[in-house]
Structure formats: C-alpha cells, structure tokens
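The structure appears right after this line, and notes come after that.
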Amino acid sequence: MDKILNKKKIILIIGGGIAAYKSLDLIRLLKKQECEIKVVLTESGKKFVTPLSVTSLSQNKVYQDIFDSENEAEMDHISLSRWCDIILFAPITANSMAKLASGKADDLASTLILASNKQVILAPAMNVRMWHHKSTQINFHKLLDDFGYLNIGPFIGEMACGEYGEGIMASPNEIFEFIKEYFTERNLVKNLNLKALVTAGPTKEYLDPIRFITNNSTGKQGYEIARSLAKFGVDTTLISGPSKLKKPENVNIIRVETTNQMFDETKKILPVDIAVCAAAVSDFKPEKYEKNKIKKDTINLNLKRNVDILEFLSKNNQQRPKLVVGFAAETENLEEFSRKKIHSKYCDWIVANDVSNPEIGFGSDYNEVSIIMKSGGLEKLEKNTKSYVANTLVNKIINHFVQ
C-alpha cells in the first residue's frame, strides 16, 4: 500500500458516457490504497453504471439527489464539499463543463462543486468533434484558467462510436497516477513548511487630511497570487493597500494605506521563504505632510523618494527570502527596463507588464506578462486572466522549491 494515498478523502463524480465504466476500476484502485471514497452519480451517469455496483466497490452510500429526504439535515452539497480532500469528475461531459463554466447549479454534482473550496480534477470524455468544438474549448479553458481546476486527458484513440481522435478518457491507471502525483507534490510542499509574503494593491501618500497621491491598482493580481499560494498549502500573508477585494481563503491579511505602513508590516512578518512584491506602491511621497487642508493659493508640492520594499527584501542579508519576486509596471521598453530593475533591486525574478494597455493594466481582469529571471531566462505569458497568470507563476515558484 502507498502511504501517500492512505486515508485520503476523495469525492468521485461519475458523469454520463460509455467511459463511465472506467470509474469502477478506478474505485478499485483507490480502495486498495485505503482511500475513503464517496461517489456522486449523475442522472446521465446512472445510464451506464448502477448505484448498486458503485456502492459495492466504494463501500459507501451513493449520492444522487440534491434533495435527499433521508439526509435533508446534512445538506449533502455542503457536507460533502467540506469532507473531501479533492473532487474528481470522471468522466466529465461537454454539458457538465458548460454548466460549471457558467456557474449553473441544478443538480448535486454542480452544486457540490460550486459550494466547494477543494481542488477539482477533470477527466473529460466525449466525441472528438464535441471536444474540438469552440464552445467546449472555451468552457474547458475557463475552468482551468479562471477557476484553477486541473485535468487529466482527454487522450487520442479509437472511440466507442468508431471514430478516431482526441476525446478518450484517461485510463484508471493514468488517473490513479495523476492523483498520486498531486498528493505527492502537496506533501512535499507541506513538509517544506514554506512561508510566503505577498504585497498587493496601491498605496496612498497623504498631502493633507483629504488629499493623497495614489494609482489605479486594484490588487487583483496580488490577491490571486496569494490565493494560489495558499491552495498549495503555503502559509501565506497578504499585505494589501486600499482594495475592495475579498480576502482570499486561508490567507492571513494585513490592510495598510501608506508605503511606510506596508514596509513596517513587511519587516514584522520576516523571515519568509517567498516574497512576491506585486503592490503598486508610490515611488514618491510629499516632503511634508500638512495637518490642515492646503489652500488652493498656497499649494507648493515637493516630493521625496519613498522607501523601497522590494530592494529592502532583496538586500536583507540577515533575513532575505529564498526567492524574491518583484513586479515591473511599465509603459514602454518593457523588457529593457525590467532587466535593469532586476539588477538594481537585486531580486531573483521580475514579472513585467505593460500598464499602458487598458485591456491588461490596472483594474482589468486580464494580464499579459513576461517572467524575467536573474539568470537571464525569460517566459512570456500571453494575455489571459489574472488567475491564470497567478497559477502559472505560483506553479513556477513551487517547482523552484521542490526540484
């Protein structure tokens, strides 16, 4: 028996399609590792496998109806979502992906996933033309990029309908190995006891009690990075400038206004293993703060340089994080200026983005970045959601530590 999977709690949702029979072999494999499995059988799934066969293999009741009179007090979609370690949807059809992508919740499977905060893994299975249909691809990539779901398959092969192409559900052994690798990676991260700091949002630098210098940053990118780190099990603290965004789940949050306040809070939580400075802090602040409102006819604005949090972290020889990632918000010569910044600030990576483009700049749900490394490496991420950028960056960070 593999200890990695021992006692892991898995919800298996069995969707419709001839590939549903593979789920029975998958249950056998997981039970051999002493996994605890609870199965949700969709209406279309019941056309291909029976509740009795699933119950016999999983040694648990089969969940089918969102309105189960026998368990009305338990609210299955809530209790199941809190019980499990992961949710596996195998097979998942084009219709189910469309439902999840649109946020529709009209059965137990979709309601359960919508109510869950656990990792969702998809094993698609369908006809090749259905798989390659534009709407299916849009929904599939939305689930992966925006919601952070993972997938195994589909693969290329001969289908039950006689056609050949991409759309074959992964085999039980392939899914088993995928799940095993997923938990192995999480265990490695857990054993490393990684601690991360993320800064996000703008800062305000007050001239007087009612006026201040700031920018249009909303903090979306930094919040998504903090959320993604926490999902990997990293102990994450988010220091946020003024933002209306909701606190990411399982993230410690400290709210500040000024750059000096953000700097002070940063020093307090050191040491950390990872520092991601995504905040758009004010580079300058007023030389003098006026206690009373400045009159229009007396204003004389003198500025001085603000404290540099990224440079402080990178040059902190006693408590320097093992990985320091900075952000470069530029309007021109993106790569050139970012490479200069990575050397002048002494950080390890720079995430560079063009804030002059309103489609990917401050306040947008999208971003397009280049991840530039001190070693000279460069990885470009084409325009995508900020959650996708965050997940890609965090996967890169995690690989940096577990390799």
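Residues checked against (1) in contact (Cβ under 8 Å) with a residue 60 or more places away in the chain; (2) in a loop (DSSP other than H, G, I, E, B); (3) under 28 Å from VAL307 (Cβ atoms):
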site: ARG339; (1), (2), (3): no, no, yes
site: PRO358; (1), (2), (3): no, yes, no
site: GLY363; (1), (2), (3): yes, yes, yes
site: ASN367; (1), (2), (3): yes, no, yes
site: ILE371; (1), (2), (3): no, no, yes
site: LYS383; (1), (2), (3): no, no, no
site: ASN391; (1), (2), (3): yes, no, no
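Taken as a whole, the structure leaves TYR223 outside the set of residues that are farther than 28 Å from ALA123 by Cβ and surrounded by fewer than 17 Cβ atoms within 10 Å (Cβ to Cβ). Note on region 24-46: among residues that are out of contact with any helix residue (DSSP H, G or I) (no Cβ under 8 Å at 6 or more places or on another chain) and in a helix (DSSP H, G or I), the one that is least open to solvent (accessible area, probe 1.4 Å) is LYS46.
Scanning region 176-211 for residues that are without any contact (Cβ under 8 Å) to a residue 40 or more places away in the chain and not charged (D, E, K, R) yields a single hit, ASN191.
Return yes when VAL355 is closer than 19 Å to SER217 by Cβ and under 18 Å from the mean Cα position of the chain (by Cα) and no when it is not. Answer is no for this residue.
In this structure, is THR236 in a strand (DSSP E or B) and out of contact with any Asp or Glu (no Cβ under 8 Å at 6 or more places or on another chain)? Against the criterion (in a strand (DSSP E or B) and out of contact with any Asp or Glu (no Cβ under 8 Å at 6 or more places or on another chain)), THR236 qualifies.
So that you can scan it fast, the table gives a plain yes or no per residue for (1) open to solvent by 80 Å² or more (accessible area, probe 1.4 Å); (2) within 22 Å of SER344 (Cβ to Cβ):
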| position | (1), (2) |
| --- | --- |
| ASN216 | yes, no |
| LEU245 | no, no |
| VAL251 | no, no |
| ILE254 | no, no |
| ALA280 | no, yes |
| ASN292 | yes, no |
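Scanning region 87-129 for residues being open to solvent by 10 Å² or more (accessible area, probe 1.4 Å) and within 15 Å of GLY167 (Cβ to Cβ) gives a total of 9.
Could we say that LYS295 is farther than 22 Å from ASN395 by Cα and either touching a residue at least 60 places away in the same chain (Cβ under 8 Å) or touching a strand residue (DSSP E or B) at 6+ places or on another chain (Cβ under 8 Å) (or both) here? No, not satisfied. When the residues of region 178-192 are filtered to those that are over 16 Å from LEU12 (Cβ atoms) and over 19 Å from the mean Cα position of the chain (by Cα), which remaining residue is surrounded by the fewest Cβ atoms within 10 Å (Cβ to Cβ)? Per the criteria, the residue is ASN191. Looking only at residues that are outside any loop (DSSP other than H, G, I, E, B), open to solvent by 50 Å² or more (accessible area, probe 1.4 Å) and aromatic (Phe, Trp, Tyr) in region 130-177, which one is modelled with the lowest pLDDT? That would be TYR164. Pull up region 60-72, narrow it to residues that are surrounded by fewer than 18 Cβ atoms within 10 Å (Cβ to Cβ) and touching a helix residue (DSSP H, G or I) at 6+ places or on another chain (Cβ under 7 Å), then point me to the one that is modelled with the lowest pLDDT. Selected residue: ASP68. Filtered by the rule that a residue be outside any loop (DSSP other than H, G, I, E, B) and under 31 Å from the mean Cα position of the chain (by Cα), region 206-225 gives LYS220, GLN221, GLY222, TYR223, GLU224, ILE225. Against the conditions (1) open to solvent by less than 50 Å² (accessible area, probe 1.4 Å); (2) over 28 Å from LEU192 (Cβ atoms), ASP348 satisfies every one except (2).
Based on this model, can you work out whether GLN261 counts as within 30 Å of GLU185 (Cα to Cα) and either free of Cβ contacts under 8 Å to residues at least 12 places away in the same chain or among the polar types (S, T, N, Q) (or both)? No, not satisfied.
When ASP308, ASP365 are checked against the criterion of being within 21 Å of GLY241 (Cβ to Cβ), of a type outside the set (A, V, I, L, M) and touching a helix residue (DSSP H, G or I) at 6+ places or on another chain (Cβ under 7 Å), a single residue qualifies: ASP365.
The values are calculated or read from the model by the stated rules, or taken from the named source; none is laboratory data. Nothing here was measured: the structure is a model prediction, and the numbers come from that model. Backbone-built Cβ (ideal geometry, glycine too); neighbour counts: all protein chains shown. Each accessible area value is taken on the protein alone, full model and side chains, heavy atoms only, with ligands, DNA and RNA left out. Shrake-Rupley method; radii C 1.70, N 1.55, O 1.52, S 1.80 Å.
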